[in-house]
Amino acid sequence: MNLQEIERALRELRLSGIADTLSTRVMQAQASQEPFLETLGAMLQDELDRRRSRLVERRFKRSGLDERVTLADFDWRFNPKLPRSACFELHTLKFMGEGANALIIGKPGTGKSHLAKAVALQATLQGFDVAYLEADTELARYTLAAPGERAAMLKQWIEPDLLVLDDLFLARRIGEHAAEVLQAVVHQRYKLRLSVVITSNRVVQDWGKYLGDATMATTILDRLMHRCQMLEFEGRSYRLKEAVNRIAISPESS
Ligand SMILES: Nc1ncnc2c1ncn2[C@@H]1O[C@H](COP(=O)(O)OP(=O)(O)OP(=O)(O)O)[C@@H](O)[C@H]1O
Ligand SMILES: [Mg+2]
């Protein structure tokens, strides 16, 4: 077989990680006169690397995350009162091993969603199945869905290793059916000891109001908080800072 035929055979065998780098590895082997086993080892490593990165990519796509946010881009000086060590502790994902939850509550624009997304991304990189939901939107979508679709959605929210409900109660009250499904999801995941991360700018004392049912709020919070890290985000809105900066650098202002 010549090089092209070998490449074709590799693709037919679904070894495109080897196929992609074959010509480089051939050049390398010729240039360095290395032992055959060394070249073979490098080629197998290329295939493994490619499969791993595709798996990570697939897990990221399935998670529903819309951006790759990390704590490396976070400015801790902006809001010095944020619970920094608790944030990094969460980022270690140890809480997932314990089936614990995290409630990230606090003022708008202080980085709650940023942290939740960074933790979710880290979980996908560590090989966990993650479902990231913009809570209000997805809960509303659920209530409008057909029964068959609802069952599939519920399964997608109950089964992953980590569920992130971002910006819960952003739209104030959620509907009665949305509240019921939230309760069902929290209950099922509690039984399965699967972690939930929730971000909200509504304090838990007011959740009864936004759920339209005080008992339901207690039932949900009782399960969430049984094993739970509470992170309070106090401070100024980074969004406002960015808006102010934009105004300051726009030509109209000079
Ligand atoms: N300290 C920070 N350093 C860098 N970027 C930040 C910081 N805080 C917030 N941001 C950025 O500001 C924007 C708003 O933050 P984020 O969405 O995380 O706020 P939030 O606390 O979830 O607000 P809300 O309660 O309105 O949902 C995001 O783009 C986020 O990346
Ligand atoms: Mg948010």
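The values are calculated or read from the model by the stated rules, or taken from the named source; none is laboratory data. Treat the numbers as computed from the prediction; the structure is a model and nothing was measured. Ideal geometry is used to build each Cβ from the backbone, glycine not excepted, and the neighbour counts take in all protein chains shown.
Of all residues in the stretch 61-77, how many are touching a Pro at 6+ places or on another chain (Cβ under 9 Å) and within 10 Å of ligand 1 (Cβ to nearest atom)? Working first, answer last.
Taking the stretch 61-77 as the starting set, the residues that turn out to be touching a Pro at 6+ places or on another chain (Cβ under 9 Å) are 62-63.
If we keep only those that are within 10 Å of ligand 1 (Cβ to nearest atom) too, we end up with none.
Residues meeting the conditions: 0.
Go through the stretch 167-195 and give me each residue that's within 16 Å of ligand 2 (Cβ to nearest atom) and buried (at least 17 other Cβ atoms within 10 Å of the Cβ).
The initial filter retains those residues of the stretch 167-195 that are within 16 Å of ligand 2 (Cβ to nearest atom), namely 167-172, 174.
D167, L168, F169, L170, I174 - these are the residues of the stretch 167-195 that are within 16 Å of ligand 2 (Cβ to nearest atom) and buried (at least 17 other Cβ atoms within 10 Å of the Cβ).
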Q | Residue match in the stretch 206-215 (condition: of a type in the set (A, V, I, L, M), more than 13 Å from ligand 1 (Cβ to nearest atom) and more than 21 Å from I158 (Cβ to Cβ)) | A | yes
Q.
Anything in the stretch 196-217 that is surrounded by fewer than 18 Cβ atoms within 10 Å (Cβ to Cβ), within 26 Å of K117 (Cβ to Cβ) and touching a helix residue (DSSP H, G or I) at 6+ places or on another chain (Cβ under 7 Å)? List them, or say none.
A. R202, V204
(Q) Any residue that is crowded, with 16+ Cβ neighbours inside 10 Å and of a type in the set (S, T, Y) - is there at least one of those in the stretch 86-109? (A) no
Q: Pick out the one residue from R54, R58, R62 that is at negative phi, of a type in the set (D, E, K, R) and surrounded by 13 or more Cβ atoms within 10 Å (Cβ to Cβ).
A: R62
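Answer yes if at least one residue in the stretch 114-124 is surrounded by fewer than 18 Cβ atoms within 10 Å (Cβ to Cβ) and not assigned by TED's automatic domain parsing to the domain that holds L55, and no otherwise.
Keep residues of the stretch 114-124 that are surrounded by fewer than 18 Cβ atoms within 10 Å (Cβ to Cβ), which gives none.
No, because not a single residue in the stretch 114-124 is surrounded by fewer than 18 Cβ atoms within 10 Å (Cβ to Cβ) and not assigned by TED's automatic domain parsing to the domain that holds L55.
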Q.
If a residue must be within 16 Å of ligand 2 (Cβ to nearest atom) and part of a loop (DSSP other than H, G, I, E, B), how many such residues does the stretch 196-254 contain?
A. 7
